[in-house]
Amino acid sequence: MFDVQANLPVLIVTIPLIGGILTILTGRGWKPWAWATLLTGTIFYLTLRLIVAVWASKTGIVSYELGNWPRQWGIEYRVDALNSFILCIVAGVGFLTTIYAKCSVEKEVPADRNNFFYAVWVLALCGLLGITITGDAFNVYVLLEISSLTVYALVAMGKDTHRGALTASLRYLILGSVGASFILLGIGYLMMITGTLNMQDMHDRLHSVPGILQSKTVLVAFAFLVVGLGIKMAMFPLHMWLPRAYTYAPSAVSALLSATATKVGVYMTFRFLFTIFGVGFSFMTMPTTWVLALCASAGIIVTGVTALRQTNLKRMLAYSSVGQLGYIILGFSLANVNGVAGSVAHILNHALMKGGMFMALGAVFYRMNRVDLRSVRGLGRRMPFTMAAFVLGGLGLIGFPLTAGFISKWYLVQGCLDRPHMWPLAGVVLVGSLLAVVYTWRVVEAAYFQEPDPGAPPVTEAPTLMLVPMWILIGASVYFGIDATGTSKITVTAAKALLGGS
Amino acid sequence: MHFELSPPLLAIYIPLIGAFLIALAGRWPNVREAITLITAGVLLYVVAGLAPRVLADDFWLAFARSQPLRLAQVLPGVYLELKVEPLGMLFALIASSLWILNSLYSIGYMRGNKEHHQTRFYVCFALAISSVMGLAFAGNLFTLFVFYELLTLTTYPLVAHKGTAEALRSARTYLGILVTTSVCFLLAGIIATWGITHDLAFKPGGVFTQALASGALTGPGLGVLFILYMYGIGKAALMPVHRWLPAAMVAPTPVSALLHAVAVVKAGVFTVVKVIVYTFGPLTLVKYGQGEWLIWIAGATILIASLIALFQDNLKRRLAYSTVSQLSYVIIAAALMSPISIMAATLHIAAHAFGKITLFFAAGSIYTAAHKTEISQLDGIGRKMPITMAAFTIGALSMIGLPPTAGFISKWYMLSAAWETDYHFVVGVIILSTLLNAAYFLPIIYRAFFRAPAQDHHHHAQSSADGVFGDETHPASASHHADHGHADHGEAPWPAVVALSCTALATVVFFFYSDLAIDLAHQLQKGLLR
């Protein structure tokens, strides 16, 4: 009898890998969607079992050696509090966006490409999950390529609703490849000097051999990695690929990407900076704190201002995403428990809020065929559930109390205040939320206090299949704002593990 | 999660359920309004039922021992919790009792002016009251902040109600200032407090004593926190963050009356007093010599706002600036940091409420009956609307602080507190501002009763609106309406008249029977002296 429990980590990657390829065979109509939903649902269930297994284990770590090869030679999947949490987010949001995707894809992707869409979609999830679960640096790169290539394809699938999707995808491809090559170079240098690809071994050797950390090779590797990861997680000013990609991708893809792709980029950064290089080297020896905190702060302010000048709401949310990633980056750049915990918490909270908001915009597009500020006029009355979800998500971005965004903000501000002389950063966090008020409120005013354009089509509420996943995400973002004891336990544990493992 | 229905929780739920039912009954206006009135009545009953417990002799003993009512644990150690204490009790009593009269008034006003979106109006109103109840009974700073923000959010649709470009612009100012101050300063202060003390609970004497004794917090640090809190509470309209209040006057008058003369602004000064008493502790602040600046700023706010009020021709704007000045009375009294001054601050929260709501009711009635918004249009209106203007006079007397009105009581305590603490500046401010109050209220009364109605009415209204006050908040149609069908107006619809008569009466009654308010203020004082 095959033991599911013992093989959980590998199943989470192999099921979507094989299942994704098989999707091509499912034909037309609703079948590819149903198959993808089945796959992602199964994966989500497995990640839930995995997080339970991690918390049940004594060490808090589940290690799995592929093919029973010892980790020095083979690939190790290593799951702890941090990545089991991220896995759940990726798989959960992946599952919900797959359910949501049906209507969005019917509208925005030609029917004869449905099976390809879902095949690529599931493979993208496979890549993202794989990056998150693996403990092997080269394996990270391989899976990164799987996820990147599939995501470029997903963005390009929007070409039938907007030609811009093709150039957006190309731009994403070029910048993404630059980032990936930087990461590959960084990993290569690290492998050269440590002679291993296992993350834990890399860390051990970097810190056991005297003088190795000061070597030029390690410094160059560090620089390559920080820049490469910066591109992947859309750190300002390396975010250039993101706004267009999110704007022109099909709605479901925007929702999936905003909630998972950049988050996995942040997770990789955690692994490289904290687990491999260690807090002491990354944040004390190197001036990473200042570089990242400055980039993040500038990002929060600049993209906030840019967002409030957009009339295309998807583009507005895209800029807002860069700003919100700024919060996440700012949090871990502080390298203290509150900061890192805030950062990890915001990975979840932002995934819920932004995923839900992109879904709401997708529903608006489904009915109105456009998503600019004019198109939402008077929609508060016509699509009450969609717009209410959007507003609740917006309140989360603002960091309104009793939404998840408040929890992240609480930790981040505390993290800033905990570092001596870093309190102005707390001001940046708070000013960023004011910018969120401004750009969210333009939508509120249009939706609730302005009359619809005379030429606007008379629309009704979005289909239930769109509303349900949207409201699960938004509802969760409110729930985790009212009762964040569970998430804060996980995030603080993860933060302590990251900081203590130096 | 805690689902036991104890009275403070009920006080939050009742308006919430009311809002839900109002939304359901939106199609039948009479049912809808009946639900509003019944909800308000039930709420007052529940809130009043709490009073005896708070007034009990051993209240503070029980307060120190009893656990707060915990609704949710939001973060480890940070709870959403409720706890009843005298100050909040008084605030909840005022808000819930005036809600009944205000609902009655709203019916007359909203129907008289044929306002649109009336269901949304009543729903948001009930939601705002629910937030006020949560604010009044908040058991810690976090809960207070949550309801403070919810109050901003639920009143926003009421300010933006008209949906015109101007209403939206004013509503933006409203939201912008209130959210900016609360997020940038108040929230920062609360998070810093949590970082320093890991204790957000309200306790008489404050939470910082230990941190100060151990050196974790220094005197200047305490001062910085105090600034963060005082300017974080934008709803208290301390200058220069008062701009949102005149902006909010664009809302329908019942909103201005209950929310922007009583509930929202009082939520501001209530929070100021609450933070001074329960988070900082007056004694701590005095001991470390922090917070004296507040007296000067509040004094300046009183005088400057009164001076601005003097030059406003738009009646509601004049009342708004009068409110700004009256709010700083509460702040200046609290800033004196003596037991009797805290009592004065508490009483003024109550005393100002009755007078100011009467004034707004009168202003709204004049608008409904005569479509007049400017003071220069009011010549001789006392003859056509005798009840309204009589009530207005009582309200104005209360603002000035003359007996036999409510305003006299609190001013009396305030002056004695100022003498007792030897702040002659405060005595001077109070006297000067009393004169200013008289200077901007008495001419209105004089006009209304002793001047003959203007003959060339239309021309007069037009020139004043176009000339000096062209950008005021009254709708452009107001002056056009003046001659069409309103030339021979009488009083406003009867619910409005009844409501404003009741509040005017209450203003006078408060002078003779202010026992409940004084008892509650005494109880608060006892807590301070323990």
Select from segment B:497-509 the residues that are buried (at least 19 other Cβ atoms within 10 Å of the Cβ) and either of a type in the set (Ser, Thr, Tyr) or at pLDDT below 85 (or both) and write down the one among them that is nearest to B:GLU374 (Cα to Cα). B:THR503
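Of the residues B:LYS287, B:LYS266, only one is of a type outside the set (A, V, I, L, M, F, W, C), buried (at least 24 other Cβ atoms within 10 Å of the Cβ) and either more than 14 Å from chain A (Cβ to nearest Cβ) or more than 30 Å from B:ARG120 (Cα to Cα) (or both); which? Working first, answer last.
Working: B:LYS287 fails: buried (at least 24 other Cβ atoms within 10 Å of the Cβ).
None of the others qualify; the one that does is B:LYS266.
Return the residues of segment B:62-84 that are away from chain A (no Cβ under 14 Å) and out of contact with any Lys or Arg (no Cβ under 9 Å at 6 or more places or on another chain); say none if nothing qualifies.
First, the residues of segment B:62-84 that are away from chain A (no Cβ under 14 Å): B:62-69, B:82-84.
The answer is B:ARG65, B:LYS83.
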Counted residues, segment B:370-409 - those being touching a strand residue (DSSP E or B) at 6+ places or on another chain (Cβ under 8 Å) and in a loop (DSSP other than H, G, I, E, B): 1
Residue set B:PHE185, B:PHE202, B:PHE208; condition open to solvent by 10 Å² or more (accessible area, probe 1.4 Å), more than 28 Å from A:LEU435 (Cβ to Cβ) and either touching a helix residue (DSSP H, G or I) at 6+ places or on another chain (Cβ under 7 Å) or more than 10 Å from chain A (Cβ to nearest Cβ) (or both); output residue B:PHE202
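State all residues of segment A:239-264 that are in a helix (DSSP H, G or I) and surrounded by fewer than 24 Cβ atoms within 10 Å (Cβ to Cβ); if no residue qualifies, say none. Working first, answer last.
First, pick out the residues of segment A:239-264 that are in a helix (DSSP H, G or I): A:241-248, A:251-264.
Hit for segment A:239-264 is A:ARG244, nothing else.
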Across segment A:307-346, what is the number of residues that are crowded, with 24+ Cβ neighbours inside 10 Å and touching a strand residue (DSSP E or B) at 6+ places or on another chain (Cβ under 8 Å)? 1
Close pairs from segment B:135-160: first at the interface with chain A (Cβ under 9 Å from one of its Cβ atoms), partner among the β-branched types (Val, Ile, Thr) and buried (at least 24 other Cβ atoms within 10 Å of the Cβ), Cβ under 6 Å, at least 6 apart: B:PHE145/B:ILE190
In this structure, is A:VAL226 modelled with pLDDT of 90 or more, under 18 Å from the mean Cα position of the chain (by Cα) and open to solvent by 10 Å² or more (accessible area, probe 1.4 Å)? yes
I'd like the full set of residues that are open to solvent by 10 Å² or more (accessible area, probe 1.4 Å) and polar (S, T, N, Q), limited to segment A:74-124. A:ASN114, A:ASN115
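For the condition among the small types (Gly, Ala, Ser), in contact with a strand residue (DSSP E or B) (Cβ under 9 Å, 6 or more places away or on another chain) and within 14 Å of chain B (Cβ to nearest Cβ), what is the one hit in A:GLY432, A:GLY481, A:GLY486?
Of the residues listed, the single one that is among the small types (Gly, Ala, Ser), in contact with a strand residue (DSSP E or B) (Cβ under 9 Å, 6 or more places away or on another chain) and within 14 Å of chain B (Cβ to nearest Cβ) is A:GLY481.
Out of all the residues in segment A:479-493, which are closer than 8 Å to B:LEU75 by Cα and free of Cβ contacts under 8 Å to residues at least 24 places away in the same chain? Step through it out loud before you land on a result.
Step one: of segment A:479-493, the residues closer than 8 Å to B:LEU75 by Cα are A:483-485, A:488.
A:ASP483, A:THR485 - these are the residues of segment A:479-493 that are closer than 8 Å to B:LEU75 by Cα and free of Cβ contacts under 8 Å to residues at least 24 places away in the same chain.
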So for segment A:364-378 (the condition being open to solvent by 10 Å² or more (accessible area, probe 1.4 Å) and at the interface with chain B (Cβ under 10 Å from one of its Cβ atoms)), does at least one residue qualify? no
Only one of (1) buried (at least 16 other Cβ atoms within 10 Å of the Cβ); (2) at pLDDT below 85 is not met by B:ILE12, so which one is it? (2)
Select from segment B:24-48 the residues that are open to solvent by 50 Å² or more (accessible area, probe 1.4 Å), modelled with pLDDT of 85 or more and part of a helix (DSSP H, G or I) and list them in ascending order. B:LEU24, B:ASN30, B:VAL31, B:LEU37, B:ILE38, B:VAL42, B:TYR45
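Please enumerate the residues belonging to segment B:161-176 that are among the hydrophobic types (A, V, I, L, M, F, W, C) and either open to solvent by less than 20 Å² (accessible area, probe 1.4 Å) or away from chain A (no Cβ under 11 Å) (or both). Walk me through it before giving the result.
Within segment B:161-176, the first condition is being among the hydrophobic types (A, V, I, L, M, F, W, C), and the residues that meet it are B:165, B:167-168, B:171, B:175.
The answer is B:ALA167, B:LEU168, B:ALA171, B:LEU175.
Select, from A:GLU445, A:GLU451, the only residue that is more than 27 Å from the chain's Cα centre (by Cα), open to solvent by less than 20 Å² (accessible area, probe 1.4 Å), within 14 Å of another protein chain (Cβ to nearest Cβ) and not β-branched (Val, Ile, Thr). Even if it seems obvious, please write down each step before you answer.
Working: A:GLU451 fails: open to solvent by less than 20 Å² (accessible area, probe 1.4 Å).
Residue meeting the stated conditions: A:GLU445.
Please verify whether segment A:467-475 includes one or more residues that are within 11 Å of chain B (Cβ to nearest Cβ), under 23 Å from the mean Cα position of the chain (by Cα) and free of Cβ contacts under 8 Å to residues at least 60 places away in the same chain.
No, every residue in segment A:467-475 fails to be within 11 Å of chain B (Cβ to nearest Cβ), under 23 Å from the mean Cα position of the chain (by Cα) and free of Cβ contacts under 8 Å to residues at least 60 places away in the same chain.
Restricting to helices (runs of 4 or more DSSP H) lying wholly in segment B:184-242: which have 2 or more residues that are within 30 Å of the chain's Cα centre (by Cα)?
Working: elements: B:188-197, B:209-214, B:219-232.
Because the criterion is at least 2 residues that are within 30 Å of the chain's Cα centre (by Cα), the helices (runs of 4 or more DSSP H) in segment B:184-242 that meet it are B:188-197, B:219-232.
Among what's in segment A:204-228 and is part of a helix (DSSP H, G or I) and among the polar types (S, T, N, Q), pick the residue that is nearest to A:PHE138 (Cα to Cα).
In the first step, residues of segment A:204-228 are kept if they are part of a helix (DSSP H, G or I); the result is A:204-208, A:212-214, A:216-228.
Subsequent filtering for residues that are among the polar types (S, T, N, Q) retains A:208, A:214, A:217.
Numbers: A:SER208: 22, A:GLN214: 23, A:THR217: 17 Å.
In this case the residue turns out to be A:THR217.
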Please enumerate the residues belonging to segment B:82-131 that are open to solvent by less than 10 Å² (accessible area, probe 1.4 Å) and not in a helix (DSSP H, G or I). B:LEU82, B:GLU85
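Could you list, in sequence order, the residues of segment A:383-401 that are more than 14 Å from chain B (Cβ to nearest Cβ) and buried (at least 21 other Cβ atoms within 10 Å of the Cβ)?
Step one: filter segment A:383-401 for residues more than 14 Å from chain B (Cβ to nearest Cβ), giving A:383, A:385-386, A:389-390, A:393.
Result: A:MET383, A:THR386, A:ALA389, A:PHE390, A:GLY393.
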Flagged in segment B:316-338 as over 18 Å from the mean Cα position of the chain (by Cα) and surrounded by 24 or more Cβ atoms within 10 Å (Cβ to Cβ), in numbering order, are B:ALA335, B:LEU336, B:MET337
Which condition does A:ALA34 not pass, out of (1) open to solvent by 10 Å² or more (accessible area, probe 1.4 Å); (2) under 22 Å from A:ILE490 (Cβ atoms); (3) of a type outside the set (S, T, N, Q), if it passes all the others? (2)
For segment B:164-183: of the residues being among the hydroxyl-bearing types (Ser, Thr, Tyr) and in a helix (DSSP H, G or I), which is farthest from B:VAL273 (Cα to Cα)? B:SER170
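The values are calculated or read from the model by the stated rules, or taken from the named source; none is laboratory data. Quick caveat: nothing in here was measured; it's all calculated off a predicted structure. Cβ atoms come from the backbone with ideal geometry, glycine included; neighbour counts cover every protein chain shown. The accessibility values were calculated without ligands, DNA or RNA, using every heavy atom of the protein model including side chains. Shrake-Rupley method; radii C 1.70, N 1.55, O 1.52, S 1.80 Å.
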